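The values are calculated or read from the model by the stated rules, or taken from the named source; none is laboratory data. Keep in mind that what you see is a predicted model, and the values were worked out from it rather than measured. Backbone-built Cβ (ideal geometry, glycine too); neighbour counts: all protein chains shown. Note: areas computed on protein heavy atoms with side chains; ligands, DNA, RNA excluded. Shrake-Rupley method; radii C 1.70, N 1.55, O 1.52, S 1.80 Å.
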Amino acid sequence: MEPITIIAFTVPTIPVAQPRQRHRVAMFNGHTVAQNYTPAKAPVNAYKAAVQMAFQQAYDGPPLDGTLYSQFEFVFPRPASKRWKNKPMPRFPLVGKPDLDNLIKATTDALNGLAYVDDARLCNVLASKWVASGEESPRVSIKIWVG
């Protein structure tokens, strides 16, 4: 039986969700084609680069293959309206935007080809999104393993 490979790392950044794709119609070789794209200046591009850099610092082996499992914990900054000097400031669930599925999409796309051969190999994903406690910094905690 092969040993289980577990890759766990933290990305010290504010999580960013994958935005909706933009569309354009262009002419190529006399044919009209529709293209989908993400604008170059979209914040998700810097987020994906941060995820890739943190991954490369945590693991330098080949991309994982097989049945993959993952866990994502997205921690967002605490808003000023929820900061106090003399009251406890525990972490609490983030209800509302951004959508959890779009956070997962941006993160799994960033790791495609680096952490795993293809994100289609992910068969089980556990994810949560939180507002940071008073002592926490925004971040994304990621764990990926072969089942």
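So is ASP60 free of Cβ contacts under 8 Å to residues at least 12 places away in the same chain and not in a helix (DSSP H, G or I) or not? Against the criterion (free of Cβ contacts under 8 Å to residues at least 12 places away in the same chain and not in a helix (DSSP H, G or I)), ASP60 qualifies. When SER81 is tested against (1) buried (at least 18 other Cβ atoms within 10 Å of the Cβ); (2) more than 19 Å from the chain's Cα centre (by Cα), exactly one condition is not met: (1). Residue check: THR108 meets all listed conditions (1) in a loop (DSSP other than H, G, I, E, B); (2) β-branched (Val, Ile, Thr); (3) touching a strand residue (DSSP E or B) at 6+ places or on another chain (Cβ under 7 Å) but one, namely (1).
Within the stretch 91-121, the residues that satisfy the criterion of being open to solvent by 30 Å² or more (accessible area, probe 1.4 Å), of a type in the set (A, V, I, L, M) and touching a residue at least 24 places away in the same chain (Cβ under 8 Å) are LEU94, LEU100, ILE104, LEU114, VAL117. Here is the figure for the stretch 130-140: residues that are open to solvent by 30 Å² or more (accessible area, probe 1.4 Å) and either of a type outside the set (S, T, N, Q) or modelled with pLDDT of 95 or more (or both) total 6. Scanning the stretch 19-54 for residues being surrounded by 10 or more Cβ atoms within 10 Å (Cβ to Cβ) and modelled with pLDDT of 80 or more gives a total of 11.
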